[in-house]
Structure formats: structure tokens, C-alpha cells
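In what follows, a single structure is set out as C-alpha cells and then discussed.
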């Protein structure tokens with residue numbers, strides 16, 4: 001059996017973690033992280049990207065989690081969809097949903113940063129710049145501090161895949177500006193590696209052609225995923 005043709009569709013932050021691990025010949029498409037602010041628009045754009053990729057791929061790997069329900073309702077057309085069974089991309093960077101929940105339990109008031117978030121401009125300073133352009137620096141300063149009044153820690157996730165010094169300098173400066181405790185925490189490539197290469201076990205939702213991503217898929221016991229994993233798409 002020939003190896004399944006794969007295409008990756010991911011947001012601009014997650015692609016930073018995927019690119020170093022993509023096997024030769026696997027194509028990818030990057031979608032704007034800003035789509036997260038409008039889940040309906042994200043769903044529309046993602047469906048269009050899936051439909052286009054289905055013309056040349058057997059398997060479409062989605063670099064997304066539940067992401068404010070923006071993936072709910074996306075349908076597999078002629079290709080199988082693979083999506084991590086996680087709430088959002090923080091769990092992808094940390095390596096598992098369990099690792100994310102452990103961080104939430106230990107430090108609930110945490111704002112997370114990665115190289116992808118910093119480079120995409122979706123970070124506290126990037127948000128401040130957008131607000132300053134709309135309403136002036138003084139009001140932007142008040143608003144940004146109001147947004148972060150319930151946070152106590154800024155955590156930079158280090159997955160070990162890129163040089164971190166520039167990110168550290170940015171994160172430390174941002175934490176100091178917002179009055180937050182800075183901390184660097186270890187991430188993991190475990191989930192990203194499985195996302196690209198398999199096995200697609202209980203950590204993933206496997207959506208066969210003709211089916212649609214459903215909210216309950218993110219909370220199921222993974223029976224369908226186990227069955228799909230036993231039938232290798234790569235032969």
C-alpha cells in the first residue's frame with residue numbers, strides 16, 4: 001500500500017512547532033492566528049482550506065485544538081482529518097492535555113507565550129500596539145493593565161526547537177511591564193511528533209470522509225481513534 005499523502009493546515013503559531021518535524025514531501029498551509037477572534041470566520045476559512053487540500057491529500061493534519069469551537073462543524077470531504085484532542089494550542093506546545101491541565105491547576109493566572117505567538121504579534125505588546133493605534137497610548141496602557149489584572153505569571157514555553165534568547169528578552173520585558181512574575185517552562189514536541197507521524201491514538205480525533213468534527217469528539221473516550229489507529233493509513 002502506498003504511503004498516504006499528507007497535508008498540514010495550521011495556524012501561524014502552531015506551524016512554528018510543526019515545520020522542523022515535517023517529513024519531506026508533506027505540504028502545509030498557514031492560516032492567520034487572528035481568525036481565533038472570530039470562530040465562525042475561522043470555521044469558514046478552515047473548511048475552505050480542507051476542501052482545497054482534499055484534492056491532493058489522503059490525510060489532512062490540522063494544527064488546531066478546540067480553539068473557541070472554531071473547528072466544530074468542519075467536515076472531512078474526500079480526506080481523513082486528524083486533529084489533536086486538546087482545548088487549545090497551549091496543550092500542543094506542552095505535549096498533552098494532561099500537561100496543560102497540570103499547569104492550570106498549579107498556576108491558573110498564567111499568560112503563555114511561545115516564539116510563534118511573539119512572531120505573529122499576538123502577545124501583550126502586540127495587543128498594546130493595536131489598541132494604541134485605535135485609541136491612543138494612554139488609554140491603551142489602562143486597557144492592557146485591566147486585561148491582565150487577574151494574571152500573576154507570564155510563562156514562556158520552550159519546546160527546544162529554536163533559539164530562545166530573543167524570545168526570553170521579549171517575555172521578560174513584557175512581564176516586567178505588566179507586573180507579572182516571569183518563568184520559563186519546558187514544553188514538549190511529543191504531541192506534535194505524533195500529529196505528523198502517528199500513531200493517532202486517544203490523543204487525537206480521526207474524522208473519516210463524510211463526517212464532521214463534533215464538540216463531543218473532544219470529550220469522548222477515544223474509541224473511534226483507537227479503531228482508526230489499528231488501521232494504518234500509511235500501510
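Spot the failing condition for residue 87; the list is (1) modelled with pLDDT under 95; (2) closer than 30 Å to residue 179 by Cβ; (3) touching a strand residue (DSSP E or B) at 6+ places or on another chain (Cβ under 7 Å), and only one is missed.
Only one criterion in (1) modelled with pLDDT under 95; (2) closer than 30 Å to residue 179 by Cβ; (3) touching a strand residue (DSSP E or B) at 6+ places or on another chain (Cβ under 7 Å) is unmet by residue 87, namely (3).
Taking into account only those residues within region 120-142 that are under 17 Å from the mean Cα position of the chain (by Cα) and buried (at least 18 other Cβ atoms within 10 Å of the Cβ), which is modelled with the highest pLDDT? Let's see the steps before the verdict.
Initial filter on region 120-142 (under 17 Å from the mean Cα position of the chain (by Cα)): 120-123.
Then keep just the ones that are buried (at least 18 other Cβ atoms within 10 Å of the Cβ); that gives 120, 122-123.
Numbers: 120: 76, 122: 67, 123: 67.
Looking at the filtered set, the residue picked out is 120.
Go through region 35-54 and report how many residues are touching a helix residue (DSSP H, G or I) at 6+ places or on another chain (Cβ under 8 Å) and at pLDDT below 90.
2
Could we say that residue 29 is out of contact with any helix residue (DSSP H, G or I) (no Cβ under 9 Å at 6 or more places or on another chain), farther than 30 Å from residue 183 by Cα, surrounded by fewer than 20 Cβ atoms within 10 Å (Cβ to Cβ) and touching a residue at least 24 places away in the same chain (Cβ under 8 Å) here?
Details: out of contact with any helix residue (DSSP H, G or I) (no Cβ under 9 Å at 6 or more places or on another chain): no; farther than 30 Å from residue 183 by Cα: yes; surrounded by fewer than 20 Cβ atoms within 10 Å (Cβ to Cβ): yes; touching a residue at least 24 places away in the same chain (Cβ under 8 Å): yes.
It is false that residue 29 is out of contact with any helix residue (DSSP H, G or I) (no Cβ under 9 Å at 6 or more places or on another chain), farther than 30 Å from residue 183 by Cα, surrounded by fewer than 20 Cβ atoms within 10 Å (Cβ to Cβ) and touching a residue at least 24 places away in the same chain (Cβ under 8 Å).
With a cut-off of at least 1 residues that are in contact with a helix residue (DSSP H, G or I) (Cβ under 6 Å, 6 or more places away or on another chain) and farther than 17 Å from residue 64 by Cα, name the strands (runs of 3 or more DSSP E) lying wholly within region 142-209. Give the steps one after another, and end with the answer.
Numbers: elements: 153-158, 181-186, 204-207.
So the answer is 153-158, 181-186.
I'd like the full set of residues that are within 17 Å of residue 16 (Cα to Cα) and in contact (Cβ under 8 Å) with a residue 60 or more places away in the chain, limited to region 176-197. Can you show your working first?
In the first step, residues of region 176-197 are kept if they are within 17 Å of residue 16 (Cα to Cα); the result is 186-197.
Answer for region 176-197, where residues must be within 17 Å of residue 16 (Cα to Cα) and in contact (Cβ under 8 Å) with a residue 60 or more places away in the chain: 187, 188, 189, 190, 191, 192, 193, 195, 196, 197.
Given the condition crowded, with 19+ Cβ neighbours inside 10 Å, modelled with pLDDT of 95 or more and under 20 Å from residue 13 (Cα atoms), answer yes or no: does some residue in region 160-182 qualify?
The answer is no, given that none of the residues of region 160-182 is crowded, with 19+ Cβ neighbours inside 10 Å, modelled with pLDDT of 95 or more and under 20 Å from residue 13 (Cα atoms).
Where residues in region 14-26 are out of contact with any strand residue (DSSP E or B) (no Cβ under 6 Å at 6 or more places or on another chain) and crowded, with 23+ Cβ neighbours inside 10 Å, which of them is farthest from residue 84 (Cα to Cα)? Walk me through it before giving the result.
Step one: list which residues in region 14-26 are out of contact with any strand residue (DSSP E or B) (no Cβ under 6 Å at 6 or more places or on another chain), which gives 16-17, 19-25.
Cutting the leftovers down to crowded, with 23+ Cβ neighbours inside 10 Å gives us 16-17.
Values: 16: 16, 17: 14 Å.
The selected residue is 16.
Could you check how many residues of region 171-217 are in the same structural domain as residue 127 (by TED's automatic domain parsing) and at positive phi?
1
Residue by residue through region 143-159, note down the ones that are surrounded by 12 or more Cβ atoms within 10 Å (Cβ to Cβ) and either modelled with pLDDT of 80 or more or within 27 Å of residue 14 (Cβ to Cβ) (or both).
Initially, region 143-159 is screened for residues surrounded by 12 or more Cβ atoms within 10 Å (Cβ to Cβ), giving 143-145, 147-148, 151-159.
The answer is 144, 147, 148, 151, 152, 153, 154, 155, 156, 157, 158, 159.
The values are calculated or read from the model by the stated rules, or taken from the named source; none is laboratory data. Note that the structure is predicted; figures quoted are calculated from it, not measured. Please note: Cβ atoms are built from the backbone with ideal geometry, for glycine as well, and neighbour counts cover all protein chains shown.
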